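Please treat every number below as a calculation from the coordinates, not as lab data. The structure presented is a predicted model; accordingly, all values stated were derived computationally and were not measured. Every residue, glycine as well, gets a Cβ built from its backbone with ideal geometry; the counts of neighbours run over all protein chains shown.
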C-alpha cells in the first residue's frame, strides 16, 4: 500500500464562498491529490465521534450546546464561523479523522489527514475558526487507551496552539511544542511545554534552522512513540494572516525536514494540514498539498 490518507466528504460543507476561512479547501485538496495519482487503495474514511468520546478533551455541556445551536452568541462570535448542521457534522467527524490518521501512522510509520489542526479550540469554547481540538482529542484517546505512552505535538502553524496547550497542560505524557509568529493571533497565549515565538518577517534559512534544531532536540529528549505534526501553511510569505516570509520552497523543505527527521529515527508521524488563508482557493489547496506530496514521495523510501 502507498501512503495512508484520511478524508471524509463532509469536510467541505456548504459555506459562504467569500468567508475568510476557505471551507472548500478540503475537497479541493482531496481532488488535487487524486488528480496527481496519490489516491488508489490508500484512502480511509473516519466515522463521526460520539459526544462521550469527545468528552476526553471537551466539556460535555459545550458539546451539547454546539450540536443544538445553543452556544452563547458572544462565544460563537469568537469561533468566527456561521453555524449550520453541515458544520456540526464535519466538526464531529474531523477529530476522528486525526485519530484514524494517528493509528495508521502507528501501524505504517506515516499517514496524512486531509484536514485537522484545529488547535485554537479549548476545553469549553471554540476560537479562531476552531470548534473542537483534534490534536488534544487524539492524544488523550491514544494515551487513555494505551496505544501510546508518549506523544509529541509539533505545531508549525503560524499561530500559537493555545487550545492544545491549555487542554493538555496537566498531561505529562503529551509534550506540546509550538513554533509560531509571536506578534500574531492569539494575542493571549496559553503556555505550551515549549513555545518559540518568531519575529515578524522571518525568512527561510533562519526558520528552517530553528525547526531542525528544535525537533532534533525534542525527539532525543522526549523519545515519543508518535509525532503529531501540524503542517500549517500560513507561514507562507503571501498568506493573508501569516506575517512570516517563508517561501513555497521553504515550506516544502520544512515538511521534508520534519518527516525525514522522524522517519530516520523510526518514529511514526501523523500529519494534519493546519491553517492557511488565501483568496485564491485552488492555490491554497495546492499549498496544503505540499505535506501530502512530500510524504507520498518519502513513504516508499523509508517504509517499503
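Remarks
- Note on the chain: helix-only mean residue ellipticity at 222 nm, from DSSP H runs of 4+ residues weighted -39500 (n - 2.57) and normalised by residue number, equals -13500 deg cm²/dmol.
- The range 82-212: C-alpha gyration tensor shape, a/c 1.5 cut-off, then a/b vs b/c: oblate
- Pairwise label distance in nanometres, residue 50 with residue 247, each label 7 Å out on the Cα-Cβ vector: 5.2 nm
- The ranking of 139, 247 from fewest to most other beta carbons within 10 Å of each one's beta carbon is 247, 139.
- For the pair residue 36 and residue 77 in one chain, pulling the backbone fully straight at 0.36 nm per residue adds 11.0 nm over the alpha carbon distance.
- Gap separating the Cα centres of the range 218-275 and the range 16-66, nearest whole Å: 20 Å
- Added length on full extension, which subtracts the Cα-Cα distance from 0.36 nm per residue, residue 238 to residue 297: 18.6 nm
- Residues 283, 77, 28, 56, sorted so that the one with the fewest Cβ neighbours within 10 Å comes first: 77, 283, 56, 28
- If R0 is taken as 22 Å, the Cβ-Cβ distance between residue 214 and residue 182 corresponds to a FRET efficiency of 0.90.
- In Å, descending, principal axis extents of the Cα set of the range 148-196: 34, 17, 12
- Footprinting exposure proxy for 112, 177 (fewest neighbouring C-beta atoms within 10 Å first): 177, 112
- GNM result for the chain, Cα springs below 10 Å: residue of 157, 144, 195 fluctuating most strongly: 144
- Pairs of Cα atoms nearer than 8 Å and 6+ residues apart set the relative contact order; for the chain it is 21 percent.
- The range 1-51: mean projected area of Cα convex hull, nm²: 4.8 nm²
- When the chain is treated as a GNM with alpha-carbon contacts under 10 Å, the residue of 97, 197, 117 showing the greatest mean-square fluctuation is 197.
- Two-site FRET efficiency, residue 265 against residue 69, from Cβ-Cβ distance with R₀ of 51 Å, rounded to 0.05: 0.65
- The range 154-282 - Rg (one decimal) and Dmax (whole number), Cα, Å: 14.0, 41
- Computed over the chain with a Gaussian network model linking Cα atoms closer than 10 Å, the most mobile of 98, 213, 164 is 213.
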